[in-house]
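Below is one structure, written out as structure tokens; comments come after it.
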Amino acid sequence: MSKQEQDQSDKQKYEFQKVIEDLKEYEGSGTQLVSIYIPEDRQISSVVSHVTQEHSEASNIKSKQTRTAVQDALTSIKDRLRYYDTYPPDNGMVVFSGAIDTGGGRTDMITKVLESPPQSIESFRYHCDSDFLTEPLEEMLGDKGLFGLIVLDRREANVGWLRGKRVEPVKSASSLVPGKQRKGGQSAQRFARLRLEAIDNFYQEVAEMADSLFVDQRHEMDGILVGGPSPTKDEFLDGDYLHHELGDMVLGKFDVSYTDESGLYDLVDAAQDILDEHEMMQDKSEMEEFFKELHDGDLATYGFGPTRENLMMGAVDRLLISEDLRKDVVTYTCPNGHEEREVLDRREEAPDHDCTRCDESVPADEGEREDLIDHLIDIAEQRGTETIFISTDFEKGEQLQNAFGGVAGILRYGTGV
Ligand SMILES: [Zn+2]
């Protein structure tokens with residue numbers, strides 16, 4: 001993935017995250033919020049028929065209020081689907097619609113369409129409930145990373161992917177390794193030799209299967225996990241059967257009892273600590289570097305104002321943003337053309353602004369309000385700066401959010417700002 005694409009997808013993920021957070025806050029007063037997950041190979045016309053069908057079935061809903069709400073949601077979804085040709089965009093799309101409770105007995109109709117999620121939607125889902133179905137999207141956004149998975153014993157092996165939180169079984173193999181019991185008439189020595197040969201052949205076959213899946217993608221992968229009973233997985237790894245570059249990527253071996261497809265899921269469970277640690281590794285090393293520069297160097301910047309100024313100069317190499325940062329920024333332009341900004345909480349009302357340079361006043365409603373992260377990412381993209389979202393699940397990540405306003409940067413060169 002090129003750097004540009006990486007930035008695009010950071011921004012896209014952030015946009016998705018925001019919509020999901022909003023959706024999760026909404027509640028319908030009955031089962032009247034509709035969520036539809038549409039895979040990329042599902043024809044739009046078939047989705048429209050499904051929605052039409054649901055619309056007519058909704059006429060059986062007893063509560064008039066719920067019935068009307070569901071039918072309105074479905075009509076709104078059909079209207080939106082008109083904008084699409086034969087198929088949805090790449091990776092599919094998700095449509096949410098419903099009448100949400102806005103307090104004081106009033107409701108508001110909202111419809112949101114999320115196109116091309118970070119991973120492809122695998123199956124069509126129609127969901128009508130008192131809340132929106134956001135979990136499948138959250139899973140896609142939750143964990144980063146692409147890992148290769150191998151489970152094996154002497155009889156069976158499975159390989160697959162772990163993408164984010166999703167396990168994808170891909171290939172399997174089974175062996176003809178004879179059991180430990182030899183047949184009558186066979187010499188013990190000969191039997192043992194044949195059996196070892198068969199085991200060796202099977203390990204080679206498993207390695208070829210893994211190589212053919214993983215080698216081409218080794219530069220995109222974050223590591224490989226190997227599972228199985230002892231001593232099989234140890235023999236397999238110690239015997240250097242895997243392509244040498246893949247061998248170097250093995251993050252750990254884990255005891256799992258099953259080596260069929262379900263073993264791949266067990267492997268991911270068993271490796272959870274390592275996966276969590278791995279996810280935090282880049283975040284940790286970025287924050288280490290930030291603190292080192294802060295104390296002993298001149299390549300650290302923090303806080304919205306200084307970081308933005310450095311960004312504008314093109315001096316920021318990596319922009320560090322706390323995952324928990326939820327702020328807006330308002331830009332005021334005074335009659336003399338001075339641009340100044342104020343950072344606000346999401347629900348905080350914008351105040352009138354007095355220009356600090358000429359004392360002219362700018363009324364609140366003339367301020368241009370924006371999500372603070374969007375504001376910074378837009379500048380970062382124009383200046384070729386990489387944006388990294390930092391988890392708050394470790395101490396220095398928490399400090400970024402609590403002590404540095406959730407925004408910092410590592411500079412390309414010192415600027416004195
Ligand atoms: Zn001014």
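The values are calculated or read from the model by the stated rules, or taken from the named source; none is laboratory data. Quantities reported herein were computed from a predicted structural model and do not represent experimental measurements. All Cβ positions, even for glycine, are placed from backbone atoms using ideal geometry, and neighbour counts span all protein chains on display. Quick note on the areas: whole protein, heavy atoms, side chains included, nothing else; ligands and nucleic acids left out. Shrake-Rupley method; radii C 1.70, N 1.55, O 1.52, S 1.80 Å.
By its C-alpha gyration tensor, with a ≥ b ≥ c as the square roots of the eigenvalues, how is the stretch 228-351 shaped: rounded for a/c under 1.5, else prolate for a/b larger than b/c, else oblate? It is prolate, given that a/c is not under 1.5 and a/b is the larger ratio.
Here the stretch 146-270 is treated as a Stokes sphere of Kirkwood radius computed over C-alpha pairs; at 25 °C and 0.890 mPa s its diffusion coefficient rounds to 166 µm²/s.
Inverting the pair-averaged 1/r between distinct Cα atoms of the stretch 115-185 gives 15.8 Å as its Kirkwood hydrodynamic radius. Label the stretch 281-411 by shape, choosing from rounded, prolate and oblate, from the square roots a ≥ b ≥ c of the eigenvalues of the Cα gyration tensor; if a/c is under 1.5 it is rounded, and otherwise prolate applies when a/b is larger than b/c, oblate when it is not. Prolate is the answer for the stretch 281-411, as a/c is 1.5 or above and a/b outweighs b/c. Label the chain by shape, choosing from rounded, prolate and oblate, from the square roots a ≥ b ≥ c of the eigenvalues of the Cα gyration tensor; if a/c is under 1.5 it is rounded, and otherwise prolate applies when a/b is larger than b/c, oblate when it is not. Here the chain falls in the oblate category. Computed from Cα positions, the angle between helix 64-81 and the longest principal axis of the chain comes to roughly 80 degrees. Ranking Tyr258, Tyr126 from most to least accessible surface, computed with a 1.4 Å probe over the protein chains only, gives Tyr258, Tyr126. Compactness ratio for the stretch 25-141: Cα radius of gyration over 2.2 N^0.38 Å (N = residue count) comes to 1.04.
Summary value for the stretch 281-411: 41 percent relative contact order, contacts being C-alpha pairs under 8 angstrom separated by 6+ residues. In the chain, helices alone account for a calculated mean residue ellipticity at 222 nm of -13000 deg cm²/dmol, with every DSSP H run of four or more residues adding -39,500 (n - 2.57). Computed from point charges on the beta carbon alone (+1 for Lys and Arg, -1 for Asp and Glu), the dipole magnitude for the chain about its Cα centre is near 2060 Debye.
I'd like to check one number: the per residue accessible area of the stretch 281-411, probe 1.4 Å, reported in Å² as a whole number. So the stretch 281-411 comes to 48 Å² accessible per residue, rounded to a whole number. Which one, Ser285, Tyr26, His219, projects farthest toward the positive side of the charge dipole computed for the chain from Cβ point charges (K/R +1, D/E -1)? Ranked along the dipole, the leading option is His219. Placing unit charges on each Cβ (+1 for Lys and Arg, -1 for Asp and Glu) gives the stretch 258-377 a dipole about its Cα centre, and among Tyr302, Ser322, Ser361 the Cα reaching farthest toward its positive end belongs to Ser361. The residues of the stretch 146-270 expose, per residue, 52 Å² of accessible area to a 1.4 Å probe. The angle between the Cα long axis of helix 188-214 and the longest principal axis of the Cα atoms of the chain comes to about 20 degrees, rounded to the nearest 10. A 1.4 Å probe, protein heavy atoms only, puts the accessible area of Glu370 near 50 Å². Protein heavy-atom accessible surface, 1.4 Å probe, per residue over the stretch 25-141: 51 Å². Ignoring ligands, DNA and RNA, what percent of the 1.4 Å accessible area of the stretch 25-141 is carbon and sulfur? Carbon plus sulfur share of accessible area: 40 percent. Measuring nothing but protein heavy atoms, the accessible surface of the stretch 146-270 at 1.4 Å probe radius is 46 percent carbon and sulfur. Past 25 Å, Cα to Cα, is the threshold; run Lys18/Lys253; Lys11/Lys292; Lys284/Lys327; Lys24/Lys284; Lys13/Lys233; Lys11/Lys253 against it and keep the listed order. Cα-Cα > 25 Å for Lys18/Lys253; Lys11/Lys292; Lys24/Lys284; Lys13/Lys233; Lys11/Lys253; rest within. The magnitude of the dipole of the stretch 25-141, with charges of +1 and -1 set on the Cβ of Lys/Arg and Asp/Glu and taken from the Cα centre, is near 620 debye. Taking Cβ separations below 4.7 Å as the criterion for a possible disulfide partner, the isolated cysteines in the chain are Cys128, Cys358. Could you tell me which residue out of Gln181, Gly416, Gln12 lies farthest along the dipole of the chain toward its positive end? Charges go on the beta carbon: Lys and Arg +1, Asp and Glu -1, centred on the Cα centre. Farthest towards the positive end: Gln181. Each Lys and Arg Cβ is given +1 and each Asp and Glu Cβ -1; about its Cα centre, the stretch 188-238 then shows a dipole of about 380 debye.
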